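Just below is one structure, and these are the notes that go with it.
Computed from the coordinates by the stated procedures, all read-outs in this text should not be read as laboratory data. These figures come from a predicted structure and were not determined experimentally. Heads up, the Cβs are rebuilt from the backbone with ideal geometry, glycines too, and the neighbour counts pull from every protein chain shown.
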Amino acid sequence: MKKAIKNTTLADRALFLILLIISAAGFFYSGEALSLGSEVVVEVKGRPVYTLSLDVDMELEVEGSHGHGVVEIKKHKVRMKDAQCDNHICVRQGWISRGAIVCLPNDIVVIVEPGRKTDIDAITG
Amino acid sequence: MKYLSALFILLLLITSLSCGDRKRSVYRKTMPLMDTIVSISVVSGSKDEAERGMDKAFAAIDRFGTLINFFSEKSELSEINRNAGTRETRVSPETIDVIEMAVITAEKSGGAFDPSIGPVVKLWDFLKRKKPGGEEIRRVLPLIDFRNIVIDRQNSTVFLKNKGMLLDLGGIAKGYAADLAADTLIKSGIRDGLVSIAGDIRTFGVKPDNSPWTIGIKNPRQTGEKDEIIARIRLSGKAISTAGDYERFFIDDNRRYHHLLDPETGYPAGLCRSVSVIAGKAALTDAVSTAVFILGPEKGLKLAQDMGMDAIIIDSSGTIHSTPGIKDILSIEKGN
Amino acid sequence: MQLQDKYRIAVLSAYALALHGFEALLPSPIPWFRLGLANIITITSLTLFGFRTAMMITLVRVVLGSIFIGTFLGPSFMLSLGGGIAGTCAMGAVHSVSKTLFGPIGLSLIGALFHNTAQLFLAYLLFIRRIEAVLVISPVIMLIGIISGFANGVVADVLIKNILKNDPDSIQNVARA
């Protein structure tokens, strides 16, 4: 075994390294690809009001129970950009790509969920 | 031999690299427009082309949305309603178009779908659980008659004959907007795509793997909060809309009061839970799905067939009825 | 083709088949996971006896192997055949360009890479049809290919050295560098 490795040519080693780097890069990339399809569910008073894709950058005003909150999605992350409440805990939580942001005073919950594995392109109803 | 092999390897590398770029894929964008969520998917070989097309389509939806916004004072629709019983209102071609389609559907469905239902709709508030009294409803019912909508194509005007009449295009506008967006995309060179405005979906072309677009039909009585699919249907170049009693409703005294009101009685129609209609244009499927819902499974299926459309009806007992034409493209989920 | 060649192909094919069959018996943690043990024989024959012999052995191994396991002309046979031909061709091409540039380990890595690429491509054409799925699994398959390719290369290297040391006469029509 040792001898066999010692016998390798420069090209052998270079190839081995290059392949390793490519596959490592591939893992990184496929991780990105897998996160595609993650969904952001915005719930108000416990009812899902919006289901949005985490891949689509957008800003959305959500009417809460006391005031509104502004949900922003950018670069596969979501945050509560602004909210009409006094403590602003939700805004200070910043960007998330998993887990949830809760705005208690307004009863708004923003949840990031792994995308449902489905072959469905759109839903009617 | 050496050179040949080297050439072979080179060629292999080049083809494997160049294949990646020209791959056509699906680009998707979602925007909040027309008080709902609008999603557009397009198939394109270039991200720029896809983005350009989608931006144009969103702009078209937005423009149309402001024309027919029931709640905005400045919309053309509000102007028509304000001028009811007094004078004609000059409007844009799209507004004429959508009202004309609404009236045609009203005629064909014998008034089961009626765009002049506004006065009754105004009495109900499904968010605040407001149920109007019988007397209130009886008073406004005579105002509801699509035959009193006068469309003048030549002068591009619309006139409501009686004072107090209110046009409500909620049952057709989203479908029409989906058609408008699809036409805009096609004009900008995109051959395959899907436009979804709330439950109104218009498809054209196919997916990159040449398969049709798959649309899920929501279970009208899902227990969880996530969307459950009761059936899936494969469409290419067609539109589908669903009218359901679960979209806007409240339950009072064990009765479900929902937004699909029967123009005849002014009360919610109770024969179906959900109706999906398939045809070439989303404006038609939007309006006809409401009509079929009001008419119920028996008369509704007949209407759809008479109009050359397909329909899937889930009646008030949960039984699924469908026109025979769609057996090949429809699959009902097991366990539902 | 000399009698010597036929005999050699038969013996090496039998080894390759044995490894192929042995591998099919092993429980596989991932459906796609294959060690590609038979590639050891392909590399050895390529280095010692040339491309024609290596290709012959690959074809015999894939066809007979699938008949024995019962997958002849089925989808997994197609994958096996496509992968085997692509891997052997790639190794043969590289080997014919330069005999000294890559050793057995390098050859094995190239073989594994092309074997996997061809299989993924065929799998995409035949069943998966979802480019995302293929993209997601390719780094996994590639990494497995690197590890098993490396291990097979080491074994092939040892095997080649041993044959050259113990039985140099059996290598007749090889142009020694």
What is the pair-distance distribution P(r) of chain B, computed from all Cα-Cα distances in 20 Å bins starting at 0, with each bin given as a whole percent?
29, 53, 13, 4, 1
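Roughly how large, in nm² to one decimal, is the mean projection of the convex hull of the alpha-carbon atoms in segment B:193-232?
Working: hull surface 13.6 nm².
For segment B:193-232, the mean projected area of the Cα convex hull comes to 3.4 nm².
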Under a point-charge model restricted to the Cβ atoms of Lys and Arg (+1) and Asp and Glu (-1), what is the dipole moment magnitude of chain B relative to its Cα centre, in debye to the nearest 20?
620
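Determine by what factor the alpha-carbon radius of gyration of the protein assembly as shown differs from 2.2 N^0.38 Å, reporting the quotient.
Details: Rg = 32.9 Å, N = 638, 2.2 N^0.38 = 25.6 Å.
Relative to the 2.2 N^0.38 Å estimate, the protein assembly as shown comes out at 1.29.
If Rh is defined by the Kirkwood formula over all Cα pairs and Rg also comes from Cα, what ratio Rg/Rh do you get for segment B:72-169?
On the way: Rg = 13.6 Å, Rh = 13.9 Å.
With Rh from the inverse mean 1/r over Cα pairs, Rg/Rh is 0.98.
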Between C:LEU125 and A:ALA100, what is the spin-label point distance in nm, taking each point 7 Å from the Cα along the Cα→C-beta axis?
4.8
Radius of gyration and Dmax over the Cα atoms of segment C:3-169, both given in Å
15.5, 52
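Based on the Cβ-Cβ distance from B:ASP227 to B:LYS161, what FRET efficiency comes out when R0 is 45 Å, to the nearest 0.05? Provide the component values of the computation, followed by the final result.
Working: r = 43 Å, r/R0 = 0.95.
FRET efficiency, B:ASP227 to B:LYS161: 0.60.
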Just report the Cα centroid separation between segment B:67-92 and segment B:160-174, whole Å.
9
Would you please calculate the Kirkwood hydrodynamic radius of segment A:39-113 over all C-alpha pairs and express it in Å, rounded to one decimal?
11.7
So which cysteines of chain A have no other cysteine's Cβ under 4.7 Å from theirs?
A:CYS85
With the Cα gyration tensor of segment B:27-99 giving a ≥ b ≥ c as the square roots of its eigenvalues, does the rule (a/c under 1.5 for rounded; else a/b larger than b/c for prolate; else oblate) give rounded, prolate or oblate?
prolate
Rg/Rh for chain A to two decimals, with Rh computed the Kirkwood way over all alpha-carbon pairs.
1.29
Compare the Cα positions of B:ALA239, C:GLY111, B:PRO263 along the charge dipole of the protein assembly as shown (+1 at Cβ of Lys, Arg; -1 at Cβ of Asp, Glu; about the Cα centre) and return the one farthest towards the positive end.
C:GLY111
